[in-house]
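The values are calculated or read from the model by the stated rules, or taken from the named source; none is laboratory data. Source: prediction; values computed, not measured. Cβ: placed from backbone, ideal geometry, glycine included. Neighbour counts: every protein chain shown. Heavy atoms of the whole protein, side chains included, go into the accessibility calculation; ligands, DNA and RNA do not. Shrake-Rupley method; radii C 1.70, N 1.55, O 1.52, S 1.80 Å.
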Amino acid sequence: MKKSIMKISAGALAVLMACAVMGCSQPGGGESASSGTNPGDVVKSGITINGTTLAKTSEVAIVPAGKTGVVDMEDDSSWNTYVAESATLYFKGVFIKDRKVTLSPFVMSQYEVTQELYEAVLKTDAGCNAIPSSFSSNPAEGETQGLRPVEFVNWYDAVYFCNALTKLTMTEADCVYTITNITRNVANKYIISATVTQDLTKKGYRLPTEAEWEYAARGGNPQAEAWKNAFGKVNTKDGAMIYDGENYLNEDDNLATVGWYKGNSGSKTHEVGLKDKNSLNLYDMAGNVWEWCWDWYAYDVATGEVADPCGVALGNDRVRRGGSYRNDAYRCAGSYRGYDNSISRYNYLGFRVCRSIR
């Protein structure tokens, strides 16, 4: 389901544009200067659950610069120096040649959803497993267990979490997703089937669309040279290609500065936010855990003009992006596209949340 482009209020736009320029989240316990009457209008410096503001739950407003609430992107930036022209669309992302993408403003969490946040939101829901993670102990030295990313969460459970978080921090009426016909695994309580629709005019928490995720991962400025970098803030060391048509990039020192991957992770997840942030102040957009997106996966990316694309209408798998602690370097590139079935649960697969701003 696609949404129409809607006008943003002057006050909300002013706050968002300021954040877009400064790459900031709002100070003061989640209150902004133009917060409006709905909590969904506030860009939070931290999510508060039952009176406790949880660590590493801040948000960043992302407003494409130069437009009133939208950005028009028409470029060939995915046909760039780190991917061979002969490479498949696995490597080229969703901002491809002959495609013009318009995106509306949105808010994205600075960090992947942590184990601590996931548990705090779902611990009183008897139908859920609020502690699903496989990496449930033995964090790396000096790291906090609860601040490792949640994983072993399938796509259905991720959207269910988004609604639960919305109900706790806003109202049920703000929920983006309508989830019906839920069937759960009896032993482990994860959702194995459900009917899910979304309404992007709502202010609640949701998964990013694939286009939003990639736009954020690549730094938010298609005109900047960094947009073509393999790993967002940084390119590959010495400009090496992640795929030259025959060979894949397996290790890269530059990637190690912004993310946890096979070459530096020690085969485990790590506390979120310990690596360098990108130009939008987002952490772990490369590596640590793969991140679910809303979209059904389709190998062919539609060309032409698209506004706030949400993927194809139906498919067999959902998109995941960003690579993980167990992957070679090339899979952690900002344009690399992965996918899994909606019920897939792995110890390298998590998510982050975002929200629409009106």
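Assuming charge only on the beta carbon of Lys and Arg (+1) and of Asp and Glu (-1), the dipole of the range 116-243 about its Cα centre is about 140 debye to the nearest 20. THR124 exposes around 120 Å² of accessible area when a 1.4 Å probe is run over every protein chain in place.
So in the range 219-358, what percent of DSSP beta bridges are antiparallel if you round to the nearest 5? Each step should come with its number before you reach the end.
Working: 10 of 12 bridges.
Rounded to the nearest five, the antiparallel share is 85 percent.
With 29 Å as the limit, the listed pairs LYS92/LYS237; LYS203/LYS237; LYS100/LYS202 have LYS203/LYS237 beyond it between alpha carbons. Per-residue 3J(HN,Hα) values for the range 176-181, derived from phi via the Karplus relation 6.51 cos²θ - 1.76 cosθ + 1.60 with θ = phi - 60°, read 6, 9, 9, 10, 10, 6 Hz in sequence order (x marks Gly and Pro). Considering all C-alpha pairs of the range 207-358, those separated by over 22 Å amount to 38%. Only protein heavy atoms count here; under a 1.4 Å probe, LEU168 has an accessible surface of about 80 Å².
Report the full-extension gain for the segment ASN185 to THR201: residue separation times 0.36 nm, less the Cα-Cα distance, to one decimal in nm.
2.6 nm
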